[in-house]
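Q: Just dropping this structure here.
The values are calculated or read from the model by the stated rules, or taken from the named source; none is laboratory data. Note that this is a predicted model, so its numbers are computed, not measured. Using ideal geometry, Cβ is built from the backbone for each residue, glycine included, and neighbour counts are taken over all protein chains shown. We work out accessible area using only protein heavy atoms, side chains counted, and drop any ligands, DNA or RNA first. Shrake-Rupley method; radii C 1.70, N 1.55, O 1.52, S 1.80 Å.
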Amino acid sequence: QVQLVESGGGLVQAGGSLRLSCSASGGTTSRYGLGWFRQLPGKEREFVAGISWTGRSTNYADSVKGRFTISRDKALNTVYLQMNGLKPEDTAVYYCAADGRIGVGSATIENYDSWGQGTQVTVSS
């Protein structure tokens, strides 16, 4: 029901920064959490960061903690992922997802029921 569109991916050098954006439409009155996942070809999609519907609680994978920051602007129905200190191993397709089951931006992929199309992030060494 929630439609999500990511933007902001691109090519960046190691140590650089990018900010991803995800615009949500439809079902925006629902109290859902939002999360970011990433996936490399041939690998399982993995959790990166999540945020509750209030924006007061956040959750990060250990691999990005201290480097990435998730936030949301409820007025604009947009969630952001600020990525600093990027590493080559961060190279992946990044997906925005809506947590419509428990609304806290869970690290458990089964809690997400809506997904964006993905945006490519490539980090060169």
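Q: Sticking with the crude label model, points 7 Å out along Cα→Cβ, report the distance from Glu110 to Ala14 in nm, one decimal please.
A: 3.8 nm
Q: Could you provide, to the nearest whole Å², the per residue accessible area of the chain with probe 1.4 Å?
A: Per-residue accessible area for the chain comes out at 51 Å².
Q: Within the P(r) computed for the chain, what percentage of the Cα pairs occupies the region above 20 Å?
A: Numbers: 2684 of 7750 pairs.
Of all Cα-Cα pairs in the chain, 35 percent lie more than 20 Å apart.
Q: In addition: Among Lys43, Lys65, Lys74, determine the one that fluctuates most according to a GNM of the chain built with springs between C-alpha atoms less than 10 Å apart.
A: Of the options given, Lys43 has the highest mean-square fluctuation.
Q: For the chain, modelled as a GNM with alpha-carbon contacts under 10 angstrom, which of Gly85, Gly33, Gly103 fluctuates the most?
A: Among Gly85, Gly33, Gly103, the largest GNM mean-square fluctuation belongs to Gly85.
Q: Determine the gain in length on full extension of the stretch Leu76-Ser124; use 0.36 nm per residue of separation and subtract their C-alpha separation, reporting nm with one decimal.
A: Here the segment from Leu76 to Ser124 would lengthen by 14.1 nm.
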